[in-house]
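First comes the structure, then the notes that go with it.
The values are calculated or read from the model by the stated rules, or taken from the named source; none is laboratory data. What you see is a predicted model; the values in this text were computed from it and never measured. Heads up, the Cβs are rebuilt from the backbone with ideal geometry, glycines too, and the neighbour counts pull from every protein chain shown.
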Amino acid sequence: MRQIKDVLRLKLELHHSHQHIAASLGISKGVVAKYVKLASAAGLHWPQIQAMDETALHSRLMVPP
């Protein structure tokens, strides 16, 4: 199950800590940091992310090098 959008909503809209997000979603703080970094590198902000579905968001963030 992909949780990218949940991670980014909790971080970018609700301003939760990486530790809180990780505990809430049952993932590591490293995964939280990775998703936040990828969204930032892609130039995405919450309003744009909110309009995307999980598949489109994953495709936008996980672009091969």
Counting only residues that are outside any helix (DSSP H, G or I) and hydrophobic (A, V, I, L, M, F, W, C), the range 10-35 contains a total of 2
Hits in the range 1-19 - residues which are touching a residue at least 24 places away in the same chain (Cβ under 8 Å) and among the charged types (D, E, K, R) | R2, K5, R9, K11, E13
Inspect the range 31-48 for any residue being touching an Asp or Glu at 6+ places or on another chain (Cβ under 9 Å) and either in contact (Cβ under 8 Å) with a residue 60 or more places away in the chain or not small (G, A, S) (or both) and give the result as yes or no.
-> yes
Hey, among the residues in the range 31-65 that are at pLDDT 95 or above and among the basic types (K, R), which one's surrounded by the most Cβ atoms within 10 Å (Cβ to Cβ)?
-> K34
Taking the range 36-53 and keeping residues assigned to a helix (DSSP H, G or I) and out of contact with any helix residue (DSSP H, G or I) (no Cβ under 6 Å at 6 or more places or on another chain) leaves K37, S40, A41, P47, Q48, Q50, A51
